[in-house]
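The values are calculated or read from the model by the stated rules, or taken from the named source; none is laboratory data. Predicted model, so just to flag it, every value in this text is computed and none were measured. Glycine also receives a Cβ, built like all others from the backbone with ideal geometry; neighbour counts cover every protein chain displayed.
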Amino acid sequence: MAINDQTFPATTAIGRALITAFAACAALSFGLPVQAQSTLPEVRVQAGGSEPARVRAVIGGVGDQPVATTPQSVSLIRTETMRDLGANSLSSAIRSETSAGDSYNTLGYVETLQVRGFTLDNALNYRRDGLMISNHAPMAFENKEGLEILKGVSGLQSGVSAPGGMINSVLKRPTETTLREVNFGLSERGTTLLHGDFGGRVGPDARLGYRINLAGEERRPEVRNAPGKRSFLSGFFDFRLPNNALLEAEFEHSRVRQRSVPGFGLLDVDGDGMAETLPGAIDPRINLNDQAWSQPFESTNNIGSLRFQQAFATSWFYGLRSGAQNIRTNDRTAFPDGCSSGPNYLYPGFCGNYDVDIYDYRSDNERRNTRTAEAFVRGDLLTGAVKHHLSAGFVRTRYEERFEPLQAYNWVGIDNVFNRQALPGDGTPSSLNTLRDARTGEMYLTDAMSMGPFSLWFGLRHTQLSRSSERTDGSQAQNYDQSFTTPWGAIGYKPWKGGFTYLSAGRGVESEVVPNQPAYFTNYGAVLPALRSRQVELGYKQVLPGAGLASVALFDIHKPFSDDIAQPDGTMLRVADGREARHRGLEMAWTGRPTRSLALSAQATLIDAELTRALDPAQVGKRATNVAPLAASVQAAWQIAAIDGLTWINRASYAGRKAVTRDNSIELPAYWQMDTAFVLRQRTASGRLTWRFGIDNLFDRRYWRDAPTQYWGGVYLFPGMPRTARATVQYSF
């Protein structure tokens, strides 16, 4: 079904004003005259270098130190690297990051990640320049400088979050010199992308800075019958004010429409009503969501923030920042799951002959709103021989989910993976929705102390949490309030030049909502009390010649989970703290330049992830599902001397066997993938040209890459993407 063009209106007066500002700043980038402003003193904001040993991470939150001397495991992925490799999604961006992985990632839908074996919460574990956002919208990378991945418990950075880690996207800021850049790309079966990036400074003393990004994309992916389109617009403006003050305002508007690609399921080969067999390799181009009535997944995402900071005294500054995000989603799909054509009814899964029930799922006008505000003060203090870097602040956040009274989830017939059937649609609203609210108030204090080769780090965050849920008919209303403190501390030592070793320990808190499945849960839609996780980490980092970096980290994380108790009526009662998982692991990473023409990076992660406590004793000692015990990657960029400006990039990634079911009776086979790309950078009389050509999955290997178990118990299978070619040309002038 073709996707029709739609107009993308400005949603608010503020949005219209910002778009007007965009037009003015775009004109400025092309040298049109502007009205002069009064002269103001300049405030210089310096960013860390791009070399691995020198970069700083916003997400750390424990002092203004390079990642090389921070007692946390943090990875940084630059957008320029992503562009060279053709990465245009979270899933493709983290392919070289062995501690991160997919957790229900597919085309045309919201992406979810796991870090250190734990699935991140899309409402709690994502940040944008340090401010909380919801990840329940596809992420755009046109206005991003890079991604930061904090690995491990994040109770210091967020009062409530899953323990695996945190993802922070870093925004592009105004450039000191005029930037005009246009990028055009062609890939897959006719996917086209046009992206413009404009930046610079104007006015007396260059007081006003701007950075504008806009993009349009027509999507024709390798997966069949999954067309889509995307539009994007962002602006970032800063104003250098008197008395060492800086005011920043930014916004982002994106809209995506694409038919989603649902996952496959395990097979019930013996017809006993239980899916127990992993299918063989399936053509990854098959899309089971291609009925005549299938509608696209639609997402409109509006984000903006205001920030003010001012220096005072010699080495102190304070700041205020506030952000808002509004996501509107139409979630629709012909959803394949279960099978009623066999001798025994099956759910979830597919019949042994690849028959599958199709449901018409439609949930229109879903709204997810986030509001957050922070006030902070930071600075340095000297007490005797001890230097302190102090930070304190207060954060208030509100997150709400609003839905229509009813959603549709209706059985419409039986399809077959290899013998497709045309089925009638039925979008009749049939199931109640659940409305949810969460409010937090958080106070934090950190102190990074250094004394010669030793350093001591301490952080404390106190959180007051209020959560509530209610069915759309007013029933099942529940709410609770909790307060808790999540401490974090570390000790560091520099044994020699460029070396840094540390030991850290911290706690985190996570809150869960019972799935909205009335047929399965007695307390469906209810909020559960928050649970505490804990982590210990021992690490070592070494700066290498040429600003390279080697690191190794040992971690041990304990996380409690909810569990289910069978009820007399056949449903389950979900209770907090019924299970506990322990994830132990070893992370190793090396980035450097062995020779002048070769840049090399390698990573490997070993994870021992298992349940240590459960209501069902048979589950104790079982491996966590969808977690590879070994993941590794190597990436090499070779500057070819024979052709000036040409770089050949190769990336190989590997993942070991993943448990699919809780009893570990089914596993995904280990898999590997090879990607290759060529990047040619040329200077012309009027600017710079960059040509990029790449192929993902060079050998077109067929494998199952992801087998996430959903929070209500369903297991889905996602294949690796087929061989995909792309080419882009970028012109900077």
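Before moving on, here are some points about what is shown:
- From the list 511, 533, the one residue that fits, being at pLDDT below 85, surrounded by 19 or more Cβ atoms within 10 Å (Cβ to Cβ) and either in a loop (DSSP other than H, G, I, E, B) or among the polar types (S, T, N, Q) (or both), is 511.
- Whichever residue in the range 347-397 is among the aromatic types (Phe, Trp, Tyr) and assigned to a strand (DSSP E or B) and, among such residues, is surrounded by the fewest Cβ atoms within 10 Å (Cβ to Cβ): 394
- Scanning the range 89-98 for residues that are surrounded by 22 or more Cβ atoms within 10 Å (Cβ to Cβ) and polar (S, T, N, Q) returns 91, 96, 98.
- Among (1) out of contact with any strand residue (DSSP E or B) (no Cβ under 7 Å at 6 or more places or on another chain); (2) part of a loop (DSSP other than H, G, I, E, B); (3) at pLDDT 85 or above, the one test that residue 96 misses: (1)
- Tally, over the range 436-456, of residues that are surrounded by fewer than 18 Cβ atoms within 10 Å (Cβ to Cβ) and without any contact (Cβ under 8 Å) to a residue 60 or more places away in the chain: 8
- The requirement of being closer than 30 Å to residue 462 by Cα and modelled with pLDDT of 95 or more is not satisfied by residue 362.
- Residue tally, condition more than 17 Å from residue 493 (Cα to Cα), free of Cβ contacts under 8 Å to residues at least 60 places away in the same chain and either surrounded by 18 or more Cβ atoms within 10 Å (Cβ to Cβ) or of a type outside the set (D, E, K, R) (or both), over the range 547-563: 5
- Of the set (1) modelled with pLDDT under 95; (2) within 25 Å of residue 418 (Cβ to Cβ), all apply to residue 288 but (1).
- Being of a type in the set (Gly, Ala, Ser) and crowded, with 20+ Cβ neighbours inside 10 Å is a description that applies to residue 334.
- Selection count where residues are under 30 Å from residue 545 (Cβ atoms) and in a strand (DSSP E or B), scope the range 445-460: 8
- Residues satisfying the stated conditions in the range 461-508, i.e. farther than 28 Å from residue 552 by Cβ, in a strand (DSSP E or B) and not polar (S, T, N, Q): 462, 465, 467, 470, 471, 480, 481, 484
- Of the residues making up the range 628-641, just one is under 16 Å from residue 603 (Cβ atoms), part of a loop (DSSP other than H, G, I, E, B) and among the hydrophobic types (A, V, I, L, M, F, W, C), namely 628.
- Residue within the range 642-655 that is of a type in the set (Phe, Trp, Tyr), outside any strand (DSSP E or B) and either more than 22 Å from the chain's Cα centre (by Cα) or surrounded by fewer than 20 Cβ atoms within 10 Å (Cβ to Cβ) (or both) present: no
- Filter result for the condition that a residue is surrounded by fewer than 18 Cβ atoms within 10 Å (Cβ to Cβ) and not hydroxyl-bearing (Ser, Thr, Tyr), over 609, 618, 599, 631: 618
- The set of residues in the range 707-731 being crowded, with 17+ Cβ neighbours inside 10 Å, assigned to a strand (DSSP E or B) and at pLDDT 95 or above consists of 717, 718, 719, 724, 726, 728, 730.
- Tallying residues that are touching a Leu at 6+ places or on another chain (Cβ under 9 Å), within 30 Å of residue 414 (Cβ to Cβ) and hydrophobic (A, V, I, L, M, F, W, C) within the range 296-344 yields 3.
- Test: residue in the range 55-65 that is in a strand (DSSP E or B), among the charged types (D, E, K, R) and at pLDDT 85 or above: no
- Leading residue by the ranking (farthest from residue 136 (Cα to Cα)) among those in the range 331-346 that are assigned to a strand (DSSP E or B) and within 27 Å of the chain's Cα centre (by Cα): 336
- Any hit, the range 580-598, residues being at pLDDT below 90, outside any loop (DSSP other than H, G, I, E, B), in contact with a strand residue (DSSP E or B) (Cβ under 6 Å, 6 or more places away or on another chain) and farther than 22 Å from residue 152 by Cβ: no
- In the range 707-733, the residues that are under 21 Å from residue 667 (Cβ atoms) reach residues that are exposed (fewer than 15 other Cβ atoms within 10 Å of the Cβ) and among the hydrophobic types (A, V, I, L, M, F, W, C) with C-beta atoms within less than 8 angstrom, at least six apart or across chains, in these pairs: 719/281.
- In the set 489, 425, only one residue is under 25 Å from residue 384 (Cβ atoms), of a type outside the set (Val, Ile, Thr) and surrounded by 17 or more Cβ atoms within 10 Å (Cβ to Cβ); that residue is 489.
- Being among the aliphatic types (A, V, I, L, M) and part of a loop (DSSP other than H, G, I, E, B) is a property that does not hold for residue 435.
- Figure legend. Inter-residue proximity from the range 357-369: first residues under 25 Å from residue 423 (Cα atoms), second residues acidic (Asp, Glu) and part of a strand (DSSP E or B), beta-carbon distance below 7 Å, spacing 6+ or different chains. Indicated pairs: 358/415; 363/331.
- Residue match in the range 227-242 (condition: assigned to a strand (DSSP E or B), of a type outside the set (Lys, Arg), closer than 27 Å to residue 105 by Cβ and in contact with a His (Cβ under 6 Å, 6 or more places away or on another chain)): yes
Rundown of residues vs (1) more than 11 Å from the chain's Cα centre (by Cα); (2) more than 23 Å from residue 160 (Cα to Cα); (3) surrounded by 21 or more Cβ atoms within 10 Å (Cβ to Cβ); (4) without any contact (Cβ under 8 Å) to a residue 12 or more places away in the chain, yes/no style:
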site: 101; (1), (2), (3), (4): no, no, yes, no
site: 108; (1), (2), (3), (4): yes, yes, yes, no
site: 118; (1), (2), (3), (4): yes, no, yes, no
site: 126; (1), (2), (3), (4): no, no, yes, no
site: 141; (1), (2), (3), (4): yes, yes, yes, no
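- Members of the range 175-199 found to be in contact with a helix residue (DSSP H, G or I) (Cβ under 9 Å, 6 or more places away or on another chain) and of a type outside the set (S, T, N, Q), listed by number: 176, 179, 180, 196, 198, 199
- Boolean, residue 265 is surrounded by 22 or more Cβ atoms within 10 Å (Cβ to Cβ) and modelled with pLDDT under 95: no
- Residue match in the range 412-431 (condition: of a type in the set (Ser, Thr, Tyr) and in contact with a Ser or Thr (Cβ under 7 Å, 6 or more places away or on another chain)): no
Conditions (1) under 24 Å from residue 717 (Cβ atoms); (2) buried (at least 16 other Cβ atoms within 10 Å of the Cβ), marked per residue:
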{"residue": "171", "(1), (2)": "no, yes"}
{"residue": "199", "(1), (2)": "no, yes"}
{"residue": "261", "(1), (2)": "yes, yes"}
{"residue": "280", "(1), (2)": "yes, no"}
